[in-house]
């Protein structure tokens with residue numbers, strides 16, 4: 001059980017540090033922005049109402065609180081201090097994540113949150129029984145008193161003021177709280193400033209069908225735009241090495257449009273194939289903010305992370321200074 005406890009503690013500390021050290025975590029518009037993650041987690045999941053009610057309206061605050069709680073739980077579990085309580089908080093957090101972030105993962109055992117729920121359960125039931133832990137030291141002091149008080153009673157040391165188990169517990173919690181804030185502060189300072197990524201422009205959400213509008217194309221370009229194509233925005237809205245999002249005219253889902261260094265356009269469905277979050281474009285890759293999946297911006301193929309399948313390609317064309325989506 002001790003290796004499992006250490007693993008859970010280290011993982012939770014790392015999870016909190018990773019969030020606070022991500023420059024885009026609290027920056028609206030960044031692919032890894034907490035608000036984007038929360039909206040993706042809430043979409044079509046049984047626990048989504050919790051996020052919509054409590055977290056999404058205050059996304060930045062919720063993100064900081066979650067990160068601090070993760071660090072605190074990790075430190076308490078590593079120290080074996082209030083182990084059962086800390087494990088219960090960790091289990092609850094992973095259960096909410098299973099009902100939101102991991103809900104669309106199929107088969108379910110590929111989602112790590114359900115595994116964490118059951119990994120926490122033994123510590124909720126028995127704490128750190130049989131393992132080195134601060135809880136055991138405090139329990140022994142509650143029965144026998146602190147060792148320095150014992151030495152004082154036997155004349156081996158000078159008398160010291162009485163220190164109750166409750167006072168020791170409060171001091172230990174205070175130290176854990178200071179350590180949490182210190183680690184969180186260092187993580188926040190280490191993140192540096194956010195640099196705007198590639199997904200800068202949002203193309204027209206409601207495109208104009210080329211077959212029914214004369215304003216979206218000139219006579220010189222009308223013959224080159226197929227019937228049913230939808231104008232989604234100006235060509236200038238997507239510079240080279242940048243990306244934009246638009247609503248697919250066929251199914252209403254979000255799509256992502258990328259212009260590479262040569263000027264060629266590539267378009268894909270923007271819904272991650274892993275858990276249904278909306279992807280973004282950053283540092284030359286299509287990235288998922290929820291679980292770190294990455295896709296090739298030229299082909300949509302999976303580059304790294306948990307996505308099980310590539311992004312579906314979309315057909316777009318450019319004519320007369322405008323970009324058109326062609327429904328398949």
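When the helices (runs of 4 or more DSSP H) confined to the stretch 26-133 are screened for residues that are outside the structural domain of residue 244 (by TED's automatic domain parsing) and over 30 Å from residue 244 (Cα atoms), those reaching at least 1 such residues are found at 59-79, 83-98, 112-126. So residue 110 fits all but one of (1) under 18 Å from residue 305 (Cβ atoms); (2) in contact (Cβ under 8 Å) with a residue 12 or more places away in the chain; (3) surrounded by 18 or more Cβ atoms within 10 Å (Cβ to Cβ); what number is the exception? Going through the list (1) under 18 Å from residue 305 (Cβ atoms); (2) in contact (Cβ under 8 Å) with a residue 12 or more places away in the chain; (3) surrounded by 18 or more Cβ atoms within 10 Å (Cβ to Cβ), residue 110 breaks only (3).
Mind checking which residues of the stretch 261-307 are within 12 Å of residue 32 (Cα to Cα) and either over 19 Å from the mean Cα position of the chain (by Cα) or part of a loop (DSSP other than H, G, I, E, B) (or both)? Across the stretch 261-307, the qualifying residues are 277, 279, 288, 289, 290, 291, 292, 293. When the residues of the stretch 79-107 are filtered to those that are surrounded by 21 or more Cβ atoms within 10 Å (Cβ to Cβ), in contact (Cβ under 8 Å) with a residue 40 or more places away in the chain and over 28 Å from residue 288 (Cβ atoms), the one that is nearest to the chain's Cα centre (by Cα) is 87.
Within the stretch 6-25, the set of residues being within 13 Å of the chain's Cα centre (by Cα), more than 20 Å from residue 102 (Cα to Cα) and assigned to a helix (DSSP H, G or I) comprises 17, 20. Kindly indicate whether any position in the stretch 23-42 is touching a helix residue (DSSP H, G or I) at 6+ places or on another chain (Cβ under 7 Å), within 19 Å of residue 291 (Cβ to Cβ) and surrounded by fewer than 19 Cβ atoms within 10 Å (Cβ to Cβ). Checked against the condition, which is being touching a helix residue (DSSP H, G or I) at 6+ places or on another chain (Cβ under 7 Å), within 19 Å of residue 291 (Cβ to Cβ) and surrounded by fewer than 19 Cβ atoms within 10 Å (Cβ to Cβ), the stretch 23-42 yields no hits at all.
Filtering the stretch 49-65 to residues that are surrounded by fewer than 20 Cβ atoms within 10 Å (Cβ to Cβ) and touching a residue at least 40 places away in the same chain (Cβ under 8 Å) leaves 50, 64.
The values are calculated or read from the model by the stated rules, or taken from the named source; none is laboratory data. Note that the structure is predicted; figures quoted are calculated from it, not measured. Note that we place each Cβ from the backbone using ideal geometry, even for glycine, and neighbour counts take in every protein chain shown.
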